[in-house]
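Engineer: Sharing a structure here in structure tokens format.
The values are calculated or read from the model by the stated rules, or taken from the named source; none is laboratory data. All values derive from a computational prediction rather than experimental measurement. Here the Cβ is made from the backbone with ideal geometry for all residues, glycine too, and neighbour counts use every protein chain on show. Ligands, DNA and RNA are excluded from the accessible area calculation, which covers all protein heavy atoms including side chains. Shrake-Rupley method; radii C 1.70, N 1.55, O 1.52, S 1.80 Å.
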Amino acid sequence: QVQLVESGGGLVQPGGSLRLSCAASGSIFVIYDMGWYRQAPGKQRELVATITSGGITNYADSVKGRFTISRDNAKNTVDLQMNSLKPEDTAVYYCNAEMRRNIISRATDYWGQGTQVTVSS
């Protein structure tokens, strides 16, 4: 069994910062891309940022220059540092990882349970 567990969400004022963390655990053979997505009320889930196992990053235009994604391959973790937060960043943030559980399994997307980020004064 594989789990992705997020932490670090909460309430922050506009202009503030938060750091989200996600740890993958369980039967893991290899992790390919990891990333963060978010879903605001009444909206579809959208990509925030992704990072390859080699450290290549990709960001949504709306967060470029404000958010930074990083990962620790030895610990199977991915973090999202969020600075200069805006009310429109309010959403449930989900951790995602593309993984293989063993040498014969296919790569599959796994999701965390989500963590709420609220930006409000």
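Engineer: Checking Gly65 against (1) under 15 Å from the mean Cα position of the chain (by Cα); (2) surrounded by fewer than 19 Cβ atoms within 10 Å (Cβ to Cβ), which single condition isn't satisfied?
Structural biologist: (1)
So that you can scan it fast, the table gives a plain yes or no per residue for (1) among the charged types (D, E, K, R); (2) in contact with a strand residue (DSSP E or B) (Cβ under 6 Å, 6 or more places away or on another chain):
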site: Phe29; (1), (2): no, yes
site: Gln44; (1), (2): no, no
site: Thr50; (1), (2): no, yes
site: Tyr59; (1), (2): no, yes
site: Ser62; (1), (2): no, no
site: Arg66; (1), (2): yes, no
site: Ser70; (1), (2): no, yes
site: Val92; (1), (2): no, yes
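Engineer: Now for a separate question. Pairs please, first residue from region 109-120 and within 15 Å of Gly10 (Cβ to Cβ), second anywhere and in a strand (DSSP E or B) and among the basic types (Lys, Arg), Cβ atoms under 8 Å, 6+ apart in sequence or on different chains.
Structural biologist: Every condition considered, the pairs that remain are Val117/Arg38.
Engineer: Further question: Conditions: (1) within 19 Å of Leu4 (Cα to Cα); (2) in a strand (DSSP E or B). Asn58 meets all but one. Number of the miss?
Structural biologist: Asn58 satisfies all of (1) within 19 Å of Leu4 (Cα to Cα); (2) in a strand (DSSP E or B) except (1).
Engineer: If we keep just the residues of region 44-57 that are loosely packed, with under 14 Cβ neighbours inside 10 Å, in contact (Cβ under 8 Å) with a residue 12 or more places away in the chain and of a type outside the set (S, T, N, Q), which is farthest from Thr77 (Cα to Cα)?
Structural biologist: The selected residue is Glu46.
Engineer: Quick one: in region 10-39, of everything that is small (Gly, Ala, Ser) and not in a loop (DSSP other than H, G, I, E, B), which residue is farthest from Gly112 (Cα to Cα)?
Structural biologist: So the residue we want is Gly10.
Engineer: Let me ask you something else. If you scan region 68-79, which residues turn out to be of a type in the set (D, E, K, R) and loosely packed, with under 13 Cβ neighbours inside 10 Å?
Structural biologist: Asp72, Lys75
Engineer: Among the residues of region 80-121, how many are crowded, with 20+ Cβ neighbours inside 10 Å and assigned to a loop (DSSP other than H, G, I, E, B)?
Structural biologist: Of the residues in region 80-121, 2 are crowded, with 20+ Cβ neighbours inside 10 Å and assigned to a loop (DSSP other than H, G, I, E, B).
Engineer: Sort through Ala23, Ala40, Ala60 and tell me the only one that's open to solvent by 30 Å² or more (accessible area, probe 1.4 Å) and of a type in the set (A, V, I, L, M, F, W, C).
Structural biologist: Being open to solvent by 30 Å² or more (accessible area, probe 1.4 Å) and of a type in the set (A, V, I, L, M, F, W, C) holds for just one of Ala23, Ala40, Ala60, which is Ala23.
Engineer: Can you name every residue in region 1-20 that is charged (D, E, K, R) and open to solvent by 40 Å² or more (accessible area, probe 1.4 Å)?
Structural biologist: Answer for region 1-20, where residues must be charged (D, E, K, R) and open to solvent by 40 Å² or more (accessible area, probe 1.4 Å): just Arg19.
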